[in-house]
Structure formats: C-alpha cells, structure tokens
Amino acid sequence: MNGTLTFLIFLPALSALLLLLEKNPKTVRLFALFITSCELAISLLVYWLCWRGIFSGRTLIKLDYPWIARFGIHYALAMDGVSLLLVTLTALLFALCVLVSWRQVNERVSLFHAMLLFLETGIMGVFLSADLFLFYLFWEAMLIPMFFLIGVFGHGRRVYSAVKFFVFTITGSLLMLLSIIGVYIIHGRETGVYSFMLRDLAHTQVSPVVSGVLFIGFLLGFAVKVPLFPLHTWLPDAHTDAPTAGSVILAGVLLKTGAYGILRVAFPLFPRAAAAFLPLIFTISVTGIFYAAWIAFAQKDMKRLIAYSSVSHLAYVVLGIAVWNDVSIAGSVLQMVNHGITTGALFIMVGMMDERMHTRDISAYGGLWSKAPAMSAFFLFFILSSLGLPGLNNFTGEFLILTGLFRAHPWLCAAGFAGMVTTLIYLLSLAQKILFGPPKEYRGFTDLSGRELAVLIPLAFLVVFIGVYPSALLRVLDTPVRDMVSAVSINPVGGIMP
Amino acid sequence: MTLMDFHMLLPYILLSMGACLLLPAGAFMRRPDARTLNIMGAAIALAAGISAICIHPSQADIGNLLAFDAYDRFFTAAASFMACVSLLFASGYSARRPIGGEEFPSLALFAAFGMSLLASSTSLLGVFLGLESMSLSLYVMLAANKSDPLSGESGLKYLVIGAISTAFFAYGLALIYVDSGTLSLAGSIAALSGGAGTAKITGLGLAGWALLIVGLGFKTSLFPFHLWAPDVYQGGPAPAVGFLSTASKASVFAVFLKFTGAVGAPRAELSHVLWVMAALTMIFGNIAALTQNNIKRLLAYSSIAQMGYVLVALIAAPGSGEGAAIFYLVAYSAMELCAFGAISAFSGKDGELGDIRELRGAGFKYPARSAALSIALVSLAGLPPTAGFIGKFGIFYSALNSGYVWLSIIGILTAIVSVYYYLRVVVYLYMRGGEAEKAVAFPEADFPSGLALAALSVIVVYLGIFPGKLLNLVASLTRLTV
C-alpha cells in the first residue's frame with residue numbers, strides 16, 4: 001500500500017508530460033479525463049477501505065524515505081482522515097474540471113490539460129506531505145500551473161490577474177520559507193537532529209519572541225492563500241479572469257491549502273504563539289466575514305460576487321480552526337469540503353451561463369427560470385446550499401463550527417450567526433435578480449446538456465447527502481481531529497502578547 | 001615531477017594545446033567552417049572536463065603554483081564543461097552571426113584554461129596569471145562580431161574595466177607581499193587571520209586585501225563595481241556573454257572561497273564590508289532589473305543580483321556557507337547558460353534578441369527553446385522544482401545558521417522583487433500576443449545548441465529534485481579548501 005500515495009501524487013504530473021506531446025484535442029481530453037478519474041477511483045477506494053475499518057488509527061497510510069540526506073529532508077507522506085477528505089475532494093473536482101472544459105477550451109488543449117494535471121500533483125502533494133520541506137516544495141509547485149491557467153486561458157485582464165496572484169502568493173510563501181528554515185535550525189540546535197518532519201518539529205521549544213516571529217511568517221504564507229482579510233485582494237481578480245476550471249480549482253481546493261496549512265503546520269508547531277495571536281486572528285476573520293459579504297453585495301459580475309462569498313466562507317473555516325476544539329475543527333474540515341462542492345458548482349454554473357450569453361454581468365440576466373428551468377433549479381439549489389439551508393451540506397459544517405465556537409467564545413458565535421444573515425442577503429438577491437423578474441432576451445439559450453447534467457448531478461447529490469448524513473465524513477475525521485486537539489493545546493490564557 | 005606525472009596535467013594540456021591547435025586549423029581545412037570549428041572546440045573542452053574528473057592526481061602541488069585536489073579539479077571540470085556548452089551554442093550562432101572562425105573556439109579554450117588555472121593556484125601570482133589569461137580571451141570573444149558596433153563597444157568596455165580591476169588586483173597583491181612576505185595563498189591568508197606563528201597583519205596588508213577584493217569585485221560584478229555589466233552583456237555575442245557570466249564568475253568565486261572558507265571566519269573588518277556589498281548588490285541588481293526591456297540587460301542586472309546571493313553564502317562561511325556557495329554557483333551556471341543558449345537560438349541574421357516584447361507568442365511557435373528559457377528563468381527566480389530553489393534554500397539556511405538574519409530578510413525581499421521581472425519574460429512568451437502566426441520569425445533550430453539546451457534544462461530540473469549527490473560532493477570539497 002505504500003506506493004499508493006506516491007502514485008496518487010505523481011500520476012497526474014507524469015501523464016501531463018505525456019500530454020504535452022499529444023496534439024489531437026480529443027485524445028488529450030479523454031486521456032486527461034481517464035487520469036483524473038483514476039485519481040478519483042483510487043481516493044474513493046481508500047475512502048471505502050477506511051470506512052470499512054480496514055485502515056484505521058490516526059494515520060491511515062504513511063511512508064518515509066530519506067531524500068536529501070545532507071539537510072535531513074525526507075520524502076515522507078502521510079494520509080489521515082483530514083487529508084483523505086481533502087484528497088477525495090481534489091480528485092473529484094479535477095475530474096469535473098476536465099468535463100467542464102470540454103467545450104470551453106479549444107485552443108492549446110494539451111497545454112491546458114497538462115497544467116491542470118501538474119496542478120493536481122501540487123495540491124495532492126500539499127495535502128499528503130509529512131515533511132515540511134516537501135510540503136513547501138509542493139506548495140510552491142502549485143503556483144506555476146495556476147499562473148499559466150489564468151494567464152494563458154483566462155479572459156479579461158488575465159495577465160494582470162495572473163501576475164497579481166503570483167506575486168501575492170509568492171510574497172507570503174517566501175516569508176514562510178524563512179520561518180521554515182528558522183524552526184529547522186532552532187530544532188536542530190536544540191536536539192542535534194536536523195529534520196523537517198512535522199512530528200519532530202512539533203516538539204521544538206522556542207522562546208516566545210522568536211516563536212511569535214516565526215509564527216507570523218507561517219501565518220502570512222497561509223493567510224494570503226486562504227485568503228484572510230486584508231490579504232484577499234488578489235482573489236476576486238484571479239477568479240474573475242480565470243477560466244471556469246481555474247476558478248473551480250482555485251475556490252474548490254487551492255484556498256483550502258491555506259486553511260489546511262494553518263491546521264496542520266502553523267498551530268501545531270507554535271501553539272503558544274498561536275494562542276497569543278488569537279485575538280488578531282479572530283478580529284481579521286470576523287471582519288472578513290462582514291467585509292466580504294458587504295462587498296459581495298455590491299458586485300455586478302457573478303464570478304466576483306462568488307469570489308467574495310468565498311472570502312467570507314473561508315473566514316468561518318479559519319475561525320473554526322482557531323478555536324481549536326474537536327467540534328469546531330471537524331466542522332472546519334467538513335466546511336472546507338462543503339465549500340469546495342458548493343462554490344465549485346456555482347462557478348461551474350456561471351461558466352455555463354457565460355458560455356451561452358458571453359457575459360457574467362448580473363444585469364444582463366433576469367427571469368432565467370422561464371427560459372431554462374433545469375439550469376435555474378440547479379442554480380437556486382446551490383445558492384441555497386451556499387447560504388446554509390438546513391438539510392444541505394453547508395449547514396452541517398457551519399453548525400459544527402458555531403457550536404464549537406459557542407463553547408469558548410459565545411460572543412464570537414453571535415457574530416458568526418450575524419454573518420450568516422449577511423450571506424443570506426447577497427446570495428438571495430443574486431438568485432432573485434437572475435432567476436426571477438421579467439425575462440431578458442436569451443437568444444439561442446439552451447438548457448442543460450447531458451454532459452453538463454453529468455457534472456452537476458453528482459455535486460447536487462453530495463450537497464444533499466452530506467446535508468442529511470454528515471457522519472459519512474465525520475466518522476473519518478473523528479480520530480485525527482481528536483488526536484490533533486489532544487496533542488496540542490492552544491491556551492489563550494497564556495498572555496496577550498508572546 | 002617526472003614525465004610520468006604529466007598525465008596529471010592532461011586537462012590543462014588539452015585546453016591550452018587544443019587552443020593552439022585550433023587557431024591554425026582553419027588554414028588546413030579545405031573549406032573553413034565556423035560551425036565545425038566550434039564543435040571541435042567543444043569536443044576538446046569536453047575531453048578536458050572528463051579528464052579532469054577521471055584522472056586522479058598523484059601529487060598535491062606543483063612548484064608552489066598549482067594544487068591538484070578535488071576542489072581544483074571540480075572547478076577545472078566545471079570551466080571546461082561550460083566552455084563546451086558555450087561552444088555548442090556558438091556553433092549554430094556562428095552560422096547566423098559573424099563571430100569569426102577559428103579564433104572564437106580557440107579563445108574560449110584559452111579562457112577555460114585561465115579559469116582552471118585560477119581555481120587551482122596556490123599562490124597569488126598564479127591567481128593573477130589565471131585572471132589575466134581568462135580576461136584577455138574574454139575581451140576578444142566579446143568583440144568577436146566585427147560587423148556589430150555594439151559588440152566592439154562591449155569588448156572595449158570590458159577591456160577598460162578589466163584593466164582597472166587588474167591594476168587594483170596587482171597593487172593589492174604587492175601590498176600583501178610587502179606586508180606578509182609571501183605570495184602563497186595559505187601563507188597570506190594565515191597572516192590575514194592572525195594564525196599562530198605568523199606576523200600580525202598591519203594596515204598596509206589590510207589595504208592590500210581591500211584592493212584585492214575590489215579587483216575580484218569587478219570581475220564578479222558586485223556592487224559598486226557592477227556598472228560595466230549591462231552594456232557588456234547587451235553588446236557581446238550571446239554565447240560569449242553566457243560564458244563570461246557563468247564560467248568567469250564561478251572561477252573568481254572559487255578564489256574568493258579560498259580566502260573566506262579556508263581559515264575560519266573572515267576578519268570582522270572584511271565581513272562588514274562584504275555584508276554591505278552583498279546587501280546592496282541584491283537590492284540594486286534586482287530593482288534595476290525591474291525596468292529593463294532588453295533581455296540581455298535584464299539578465300545582466302539579474303546576474304549582478306545573483307552574485308549578491310553567492311556573496312551571502314560566502315559571508316556565512318565557514319560552516320555550511322562554502323557548500324551552499326558552490327552548489328549555487330553550479331546551479332546558477334546551468335540556468336544562466338540555459339538562458340543565454342536560448343537567447344543565441346533566438347538570435348538571427350538581423351540581430352540578437354533584444355526587446356523582450358519581440359518574444360510575443362514565441363512560446364507557442366518555438367515551444368522547445370521557449371520552454372528552456374522559461375525553465376531557466378523560473379530557476380533564476382528560485383522557484384521549485386528547480387536547482388535555483390535548492391540553491392537559494394542552501395544559501396538562506398547557511399545565512400540564518402550563521403546568524404545573519406537581516407541579510408536573509410533582505411535577500412528574501414529582493415528575491416520577491418526578482419520574481420516579477422523573470423515572470424515578465426514568461427508572460428511575453430506565453431500570454432501576450434496570442435496568435436502564434438503573428439509571432440516574430442526566429443531562425444530554425446540547430447542541433448548542437450538544441451542538444452545543449454535540452455541537457456541544461458534537464459540538469460536544472462534534476463538538481464531541483466535530486467540534489468543529494470551534488471550536495472554531498474560539494475560538502476566534501478569544502479573540507480579541502482587550501
């Protein structure tokens with residue numbers, strides 16, 4: 001079983017190299033679909049084995065080989081319930097992205113799919129690394145494919161947005177690199193063992209000031225990716241100008257790598273610094289929830305609106321992680337998956353409308369229900385899911401986060417609920433403007449095709465399934481989250497500043 | 001030394017004799033052809049490089065002038081391989097741009113000979129000899145294109161600057177000799193670091209060392225001795241500039257490393273000066289590169305900045321710094337040569353590749369060389385999975401490990417700036433202009449440079465993923481310095 005993770009990570013990249021040589025678009029699409037489906041099948045298989053209890057314990061699968069001996073760097077991978085869920089989500093969204101781009105991408109098809117597959121390798125690697133150096137390598141390896149996806153295949157001010165995305169994220173991650181080297185050196189001097197393994201580094205004793213500085217480095221790197229207010233400004237541009245598949249991946253999984261990093265790296269390595277910075281994290285998260293909702297309400301472009309809604313939703317996830325108890329963390333991870341499904345679906349649907357109308361301007365739409373009922377029904381359904389209707393997926397995640405929040409900080413929980421009301425306002429007004437009211441002129445507007453239904457139905461099914469039976473996911477999460485919480489305690493009583 | 005020991009000298013003999021034999025070779029060929037002559041030169045350089053690796057010397061020192069150990073062999077091999085690659089680029093290039101026939105490969109071999117001399121000398125006099133034979137050849141190589149006034153300007157500028165730096169170096173050498181009474185590297189360094197049994201260094205000797213650093217600073221284009229670089233890079237023929245930018249700088253750093261790496265931490269006076277130089281080199285090089293539209297000027301400023309990073313590693317020596325510096329030099333040489341190789345491949349009869357805006361849409365029309373250029377630039381920007389990333393990681397690691405926190409922060413911040421201008425070129429290659437049909441027509445690919453470009457790209461990526469072996473080799477070398 002040890003090879004599974006390596007296979008999962010590098011299969012897309014190796015196939016991408018092959019794809020670059022192929023010219024025929026149809027072959028390229030089919031091959032990419034095959035590879036991404038393989039990925040999905042493998043992750044579902046692992047999920048099933050885990051469900052049946054064949055894999056159990058904190059780490060389901062792991063492997064560890066020395067890689068760069070001189071720096072004590074290991075090629076170490078590990079999969080626990082948290083990574084399993086996110087890996088499955090990634091595999092699902094990538095397979096759907098190939099389907100979504102079937103008609104939308106007609107030029108440089110092989111480059112497009114190669115970049116998509118390279119990106120999949122990077123993201124899988126981030127979720128599965130157990131060595132901080134390896135984690136960073138994959139973290140940065142995600143950048144270039146995404147840069148190409150936006151810059152070559154996007155529209156509007158694609159180059160501007162691609163460069164902005166790149167410069168923002170690289171700034172955060174290079175500062176994080178200094179922190180990584182810093183904690184590595186401190187740990188090495190302390191123990192005499194120079195290692196990047198996360199489980200080794202977690203026991204590093206660092207003086208409060210130094211740990212505060214190092215923590216800030218990590219937090220910056222991750223917060224840009226999440227993105228937390230006020231570092232979010234690259235996101236609306238990147239989303240708006242990216243091709244549909246790019247937006248889906250960006251919102252669906254790329255943003256989660258930031259939250260995952262906070263959960264897996266920043267907090268466990270520096271619990272004391274994290275505790276000291278909790279007030280700051282709470283403040284920017286809550287501000288982000290309201291600010292992004294407020295800005296989203298003013299948007300004229302559908303993609304931009306959904307992009308801002310992501311900023312708002314992801315702030316909940318960070319809140320859930322920052323509270324650091326088992327309920328809220330489980331809720332956060334669940335919410336990462338939910339957000340990936342729902343927002344992915346919304347971006348896919350906006351892409352479908354854009355394909356037909358060649359505009360994403362909200363005012364160009366209206367009364368869509370009379371023209372394309374099936375499409376409108378799905379759109380409304382995903383909007384309801386996004387605003388947290390009970391019985392659908394987002395409700396479960398948000399509920400768990402807020403429950404966890406209530407235990408520790410009742411007033412924060414209240415703020416979170418108020419934030420959900422604002423979400424309601426801008427999402428419902430979006431649905432109202434597009435679906436209802438006097439119908440606009442839709443020339444040659446067709447309802448959903450079979451391929452499009454094949455993309456949307458699984459997502460809709462998941463929305464309901466997770467909504468009514470969240471235990472399917474929570475059961476996998478239970479052990480790793482409990483372990484995480486018991487291994488590290490984030491105690492805010494320790495003092496205001498480090 | 002007996003006749004039997006001559007085989008130890010084989011790399012030097014191959015380089016110097018090869019250069020001498022190539023020079024009249026054109027006269028004996030029925031139809032002298034620059035392309036063939038360059039490939040012959042490349043073959044000789046390759047043979048020299050391989051012999052430097054394979055022949056293990058049986059004697060440590062010859063005439064108190066040349067050392068023969070793994071460290072020197074490493075740099076000899078490196079200089080030879082770089083000459084080989086540059087000549088492969090020059091072979092296709094010479095068919096399109098007039099850079100002379102036999103003199104170009106011959107001078108490249110001479111230059112490589114000078115570089116290996118530079119890396120192997122155990123005496124300051126030997127360093128001087130190597131420096132001069134290297135520079136003299138490079139002056140002519142830069143001015144090789146007689147039909148292009150810019151090429152002449154480039155050669156002349158490098159000549160004038162070279163003369164000044166030689167003067168500084170020679171004067172510094174004299175002062176050190178007066179002060180310490182020895183020209184041997186080990187002896188004069190021992191005096192500098194105040195080792196046991198040596199006379200204490202006086203102000204005169206310290207001034208000598210300062211002048212020496214100025215001389216070497218010119219050659220490696222460190223701030224504030226960098227001003228020649230943009231013009232020289234812009235004017236010279238791309239294969240010659242690539243060679244100058246990599247091999248000559250790496251060999252001069254091989255000498256630098258002997259100074260700092262050999263005897264414990266460099267004296268505080270020197271390390272303060274070097275600290276400021278490194279910081280300003282990184283800041284100035286990276287910021288000035290932001291506004292460049294000419295790709296060779298851009299690479300000139302980038303190369304200035306890159307030398308700043310090497311200097312950071314040098315300051316962080318001893319410890320992990322020397323290893324990081326050598327690894328970075330290897331990585332830098334591979335990626336910089338790759339970039340200049342792509343530029344030579346893009347240069348046609350009408351002129352060299354100049355404005356990066358000419359590259360609009362070229363990424364799809366000429367996918368192979370554009371990919372090579374992009375890989376080189378991504379690596380120069382220090383992004384994984386390339387050699388540049390591992391190199392920068394090593395440098396920042398050793399800097400932080402030696403406590404140079406602020407220097408590392410300056411380095412990281414300027415590296416962020418650098419990402420922007422490297423990306424600009426990639427943006428023009430792939431994201432602007434769109435239609436491949438409208439892209440500027442560049443010359444057809446030629447086999448030797450295609451081969452060299454492919455090899456360099458593979459090396460850059462391979463070292464980014466599997467750097468372990470080279471890291472170990474480099475670490476074993478640094479234990480041997482002087």
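Bear in mind that the values in this text are calculations on the coordinates, not laboratory data. Source: prediction; values computed, not measured. With ideal geometry, Cβ positions are generated from the backbone for all residues, glycine too; neighbour counts draw on all protein chains shown.
Using only alpha carbon pairs under 8 Å that are at least six residues apart, calculate the relative contact order of segment B:3-478 and give it in whole percent. Intermediate results must be reported in sequence, preceding the final value.
Working: 884 pairs, mean separation 68.7, N = 476.
Computed over segment B:3-478, the figure is 14 percent.
Give me the dipole magnitude in Debye, nearest 20, for segment B:328-439 about the Cα centre, with unit charges on the beta carbon: positive for Lys and Arg, negative for Asp and Glu.
On the way: 9 positive and 7 negative charges, 33 e Å.
About 160 debye.
If one takes the longest principal axis of the Cα atoms in chain B, at what angle in degrees, from 0 to 90 and to the nearest 10, does the Cα axis of helix B:387-401 lie?
Tilt of helix B:387-401: around 30 degrees.
Can you give the three extents of the C-alpha atoms in segment B:68-185 along their principal axes, from longest to shortest, in whole Å?
Projected onto its principal axes, the Cα set of segment B:68-185 covers 52, 33, 15 Å.
What translational diffusion coefficient, to the nearest whole µm²/s, does segment B:3-478 have by Stokes-Einstein, given a Kirkwood radius computed over alpha-carbon pairs, a temperature of 37 °C and 0.692 mPa s viscosity?
Values: Rh = 22.1 Å.
Roughly 148 µm²/s, to the nearest whole number.
Can you give the Kirkwood hydrodynamic radius of the protein assembly as shown from its Cα pairs, in Å with one decimal? Mind showing how you got there, number by number?
Details: mean 1/r = 0.0335 Å⁻¹.
Result for the protein assembly as shown stands at 29.9 Å.
Reachable lysines from A:Lys440, Cα under 26 Å, same-chain residues fewer than 8 places away excluded?
Of all the lysines, those that pass the test against A:Lys440 - Cα under 26 Å, at least 8 places apart if same chain - are A:Lys300, A:Lys303, A:Lys371.
Rounded to the nearest Å, what's the spacing between the alpha carbon centres of segment A:5-62 and segment A:164-221? Just the number, please.
Result: 31 Å between the Cα centres.
When only Cα pairs under 8 Å and 6 or more residues apart are kept, what is the percent relative contact order across segment A:1-118? Walk me through the intermediate numbers first.
Details: 120 pairs, mean separation 48.0, N = 118.
Answer for segment A:1-118 is 41 percent.
From the C-alpha coordinates alone, can you work out the Kirkwood hydrodynamic radius of segment A:421-480, in Å? Working shown, then result.
On the way: mean 1/r = 0.0655 Å⁻¹.
About 15.3 Å for segment A:421-480.
Give the angle, between 0 and 90 degrees and rounded to the nearest 10, that separates the Cα long axis of helix A:450-468 from the longest principal axis of the Cα atoms of chain A.
That helix lies at roughly 50 degrees to the long axis.
Among B:Gly394, A:Thr283, B:Leu46, pick out the residue whose Cα is farthest towards the positive end of the charge dipole of the protein assembly as shown, where Lys and Arg carry +1 and Asp and Glu carry -1 on C-beta, about the Cα centre.
A:Thr283
Any of B:Lys146/B:Lys219; B:Lys219/B:Lys249; B:Lys258/B:Lys469 with alpha carbons more than 18 Å apart? Name them for me.
Numbers: B:Lys146/B:Lys219 24 Å; B:Lys219/B:Lys249 7 Å; B:Lys258/B:Lys469 22 Å.
Violating the 18 Å limit, Cα to Cα: B:Lys146/B:Lys219; B:Lys258/B:Lys469.
Dipole of the protein assembly as shown (Lys/Arg Cβ +1, Asp/Glu Cβ -1, origin at the Cα centre): which of A:Met484, A:Ala322, A:Phe461 lies farthest to the positive side?
A:Phe461
Going out from 0 in 5 Å bins, what whole percent of all Cα-Cα distances in segment B:374-482 drops into each bin?
Bins of 5 Å from zero give 2, 10, 13, 16, 18, 16, 10, 6, 4, 3, 1, 0 percent of pairs.
A:Trp67's amide H: which non-local residues (gap 5+, or another chain) put their own amide H closer than 5 Å, with H modeled 1.01 Å from N in plane and none for Pro or chain starts?
A:Ile73, A:His74, A:Tyr75
Any chance you could give the angle, 0 to 90 degrees and rounded to 10, that helix A:158-191 forms with the longest Cα principal axis of chain A?
Helix A:158-191 sits at roughly 20 degrees to that axis.
Sequence gap at least 6, Cα distance under 8 Å: using those rules, report the relative contact order of chain A to the nearest whole percent.
Relative contact order, chain A: 15 percent.
Under a cut-off of 18 Å between alpha-carbon atoms, report the aspartates and glutamates in cross-link reach of B:Lys157, not counting same-chain residues fewer than 8 places apart.
Answer for B:Lys157, where 18 Å is the Cα cut-off: B:Glu132, B:Asp148, B:Asp231, listed by chain and number.
Would you list which lysines come within 29 Å of A:Lys23, measuring only between C-alpha atoms, while excluding same-chain residues fewer than 8 positions from it?
Once the sequence-local lysines are set aside, what remains near A:Lys23 is B:Lys365, B:Lys438.
Got a sec? How would B:Glu358, B:Glu102 order by Cβ neighbour count within 10 Å, fewest to most? Could the numbers behind the result be given before it?
Working: B:Glu358 16, B:Glu102 22.
Listing B:Glu358, B:Glu102 from fewest to most nearby Cβ atoms yields B:Glu358, B:Glu102.
What's the center-to-center distance, using Cα atoms, between segment A:452-489 and segment A:259-302 in Å?
Spelled out, the Cα-based centre of one part sits 22 Å from the other.
Using a Förster distance of 56 angstrom, determine the FRET efficiency expected from the C-beta separation of B:Arg30 and A:Ser37, and round it to 0.05. Could you put the intermediate results ahead of the total?
Numbers: r = 62 Å, r/R0 = 1.11.
Working from the Cβ atoms, E equals 0.35.
What does the structure give for A:68-79 when I average, per residue, the other chain Cβ atoms found within 10 Å of the residue Cβ? Present the calculation step by step, with values, prior to reporting the outcome.
On the way: counts 9, 4, 12, 8, 0, 4, 0, 0, 0, 0, 0, 0.
Mean partner-chain Cβ count within 10 Å for A:68-79: 3.
From the helices alone, meaning DSSP H stretches of at least four residues, give me the mean residue ellipticity at 222 nm for the protein assembly as shown, per-run term -39500 (n - 2.57), in deg cm²/dmol to the nearest 500.
Rounded to the nearest 500, it is -24500 deg cm²/dmol.
Within 10 Å of each Cβ in peptide B:377-383, how many partner chain Cβ atoms are there on average? Round it to a whole number, please.
On the way: counts 0, 2, 0, 0, 1, 4, 8.
Mean partner-chain Cβ count within 10 Å for B:377-383: 2.
Want the number for A:Tyr160 to A:Ala472: 0.36 nm per residue separation, take away the alpha-carbon distance, what's left? Can you show the working numbers first?
Numbers: separation 312, 0.36 × 312 = 112.32 nm, distance 4.19 nm.
Extra length from A:Tyr160 to A:Ala472 when fully extended: 108.1 nm.
Rounded to two decimals, what ratio of Rg to Rh does segment A:1-108 give with C-alpha atoms and a Kirkwood Rh? The partial results should precede the final answer.
Details: Rg = 16.4 Å, Rh = 15.5 Å.
On the Cα set of segment A:1-108, Rg over Rh gives 1.06.
Non-local amide H neighbours of A:Ile61 (under 5 Å, H modeled in plane, Pro and chain starts lacking H): which ones?
A:Met79
Using a 7 Å offset from the Cα along the Cα-to-Cβ direction at both B:Ile287 and A:Val209, what is the distance between the two label points in nm, to one decimal?
The two pseudo-label positions are separated by 2.8 nm.
What does the charge dipole of the protein assembly as shown about its Cα centre add up to, to the nearest 20 debye, if the Cβ of each Lys and Arg holds +1 and the Cβ of each Asp and Glu holds -1? Let's see the in-between values first.
Working: 57 positive and 46 negative charges, 274 e Å.
Approximately 1320 debye in magnitude.
Taking Cα centroids, how far is segment A:344-376 from segment A:72-119 in Å?
Here the answer is 26 Å between Cα centres.
Have a look at chain A and give its Rg and Dmax from the Cα atoms, expressed in angstrom.
According to the Cα coordinates of chain A, Rg and Dmax are 21.6, 72 Å.
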